[in-house]
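What follows is one structure encoded as structure tokens, with my remarks underneath.
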Amino acid sequence: IRLATGRMWDMPRSVEIPDMPAFGSLNADIEGHPEILMRKETLMKYESLMREKRNIDREGSFTIGATAAKDFPGEIGSGVYASVTVSGPLGTSSSGDDKINKAAEQDLKRAEREDLLTRIKLQGEADEAASLAAYSVANIRANESRLAALTEAVRERILRHASISGDTFEQLQKSRYQYYRGVIDIFESEMMFMQTGADLLAYAYPEGPGSEPAERIKPIADNALRSRMLDPNWLTSHSSVPGGIAPIPAPQGQPIPASQEQMIAAPKGQTITETPAKAALVSSDRPLSVYVWDASPFLAPETRASSLNDLRNKGFDHFLISLTAEQIEKLDSFYGMMELKDLLSAAERMGIRADLLLGEPTWLYPEKRKDLIRIVEKMKKFSFKGLHLDIEPDSLPDSENRRQELLGYLKDTVKEVRQASDMKLSLSIHPRYLEGGPDSLSSLDLAGLDLEYISVMIYTTDPEKAVRRMRDIMIVNTSQYFCLAQSVERVLSPSESYFSSGEGLYRERMERIGRELSASKGFRGLVIQAWEDLGGMKE
């Protein structure tokens, strides 16, 4: 729609199946319909008018009188008289034909005929709506059966394409197109059924919303089969099959597109295959993680697949991704929400864990903490595997003189985040807070924070120093899990960051550190700071 109209449209987060008032069956009696009630009232008015017409324009009078007289000269005289007078329209007394009454009778008869036509019309419309609803139900069932057959056709073409060369890919695309058409047909059938249901409500509850029951039903049943056949996730994967969950193994020697985005972006005539990831820098049970502060290339559909592939090819199976305030606000729109959901879905399919990275130090302050909690609650609807706080107290002004106060703020902040979210929670922290002393977190403090792991930022290019310091921390805090954070940031000195050392030395040192710490029970792996600088390192 955006491409067709050139405009951005706000879309709902999810499309819910509409509901309507429940009704068991349709009563064929249409006497309560508003139009029938109006006709009845019209007939009553005409009947009343007919009665009034019978007395209109006819008048009568009865007169009685007495007279007295005296003549001069003469006698006194008297008399009595009576008279009856009847008046009416000229000609009615002789013809007996009251034209006004006849006009009233004609109006009444016309109203009766209109009432009969209205009843026939409404009864026909009610029967038509009921018949159309029955037809829609049968049409939905037929289209579901057809879609099941089209689903199986896609499954068969995927199996064929995975094992046979030739025009099988073209046939697969044709079967997918037919599948899309089948899905559209189901939606159109369901739309027709919903419309007929809305039409039938006018007859089931003719008095309007006030007469509807509180109970509401969803006329379209979202059963498991329907949900599986209409699930669009398989469209972005070369291994998923609609209607089932079994992966399709790739035949040896035949390349398979790494993703739909890469396949579309590939130059004509070029086959794209998945580039094997470089050997992991640490053992498979000790993940290699990286901080990602610029989420834009991972969120953008045109660069998402290549960014995730680059991440995996550099040995990472875990990334901590941060979002800007603008990107978080954009999640309220449909497109912004779908960008993040698609990223998390793609990462999960590739076996890469995605955690939400929150890194604003001022959130430690009690008056600012509500902004952090609001973001945490907003992000609960997304399928992040964990939540990582990089809100280091040392980043705040005058921190060296108020470390005890800031450490208290840190503990309170972590506890509030823990209450606001069920996601696994982890923390980045300077090693000084874990090495004992008055400004350190005790083992009891750490146990109360309920953290999945703590990322210790020992930024040094001396691997022996990093290993020794990390081991000392794990010896003091035996009940916690730790990751060692190392830096490749270009803004740090060569003694703190591997950026100027080159990628070769960086990889050699990471392998060495991971190998020496892998025997420690509390060691969970390495975390690299940061992804944006890693790409700029020389070979």
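Nothing in this text is a laboratory measurement; each read-out follows from the coordinates by a stated rule. If you're wondering where the values come from, they're calculated on a predicted model, not measured in any experiment. Note that we place each Cβ from the backbone using ideal geometry, even for glycine, and neighbour counts take in every protein chain shown.
Quick notes on this one:
- Magnitude of the charge dipole for region 401-508, about its Cα centre and with charges confined to Cβ atoms of Lys, Arg (+1) and Asp, Glu (-1), is about 100 debye.
- Difference of contour (0.36 nm per residue) and Cα-Cα distance, VAL84 to ILE164: 17.2 nm
- FRET E, pair LYS538, TYR481, Förster distance 41 Å, beta-carbon r, rounded to 0.05: 0.75
- Modelled FRET efficiency - R0 30 Å, LEU396 with GLU464, Cβ distances, 0.05 increments: 0.40
- Per-residue Karplus couplings for region 451-456, computed as 6.51 cos²θ - 1.76 cosθ + 1.60 with θ equal to phi - 60°, are listed in order as 9, 5, 7, 10, 8, 9 Hz, Gly and Pro entered as x.
- The length gained by stretching the chain between GLU212 and SER345 to full extension, at 0.36 nm per residue less their Cα-Cα distance, is 43.7 nm.
- Using C-alpha pairs below 8 Å separated by at least 6 residues, the relative contact order for region 265-534 is 19 percent.
- Segment LEU37..ALA4, full-extension length gain: 7.1 nm, with 0.36 nm per residue of separation and the alpha-carbon distance subtracted.
- Net charge of Cβ neighbours under 10 Å - reference GLU339; Lys, Arg +1; Asp, Glu -1: +2
- In summary, region 265-534 shows an alpha-carbon radius of gyration equal to 1.02 times the 2.2 N^0.38 Å reference for compact globular proteins.
- Centroid-to-centroid separation of region 111-171 and region 499-539 [C-alpha atoms, Å]: 58
- Normalised contact order of region 383-436, rounded percent, pairs of Cα under 8 Å and 6 or more residues apart: 57
- Measuring nothing but how far apart in sequence close Cα pairs (under 8 Å, 6+ apart) lie, relative to its length, region 289-367 scores a relative contact order of 36 percent.
- Peptide ranges 422-428, 518-524 listed from the most packed, as the mean C-beta count within 10 angstrom indicates: 422-428, 518-524
- Links that overshoot a 19 Å alpha carbon limit, given the list LYS45/LYS102; LYS330/LYS411; LYS314/LYS465; LYS314/LYS538: LYS330/LYS411; LYS314/LYS465
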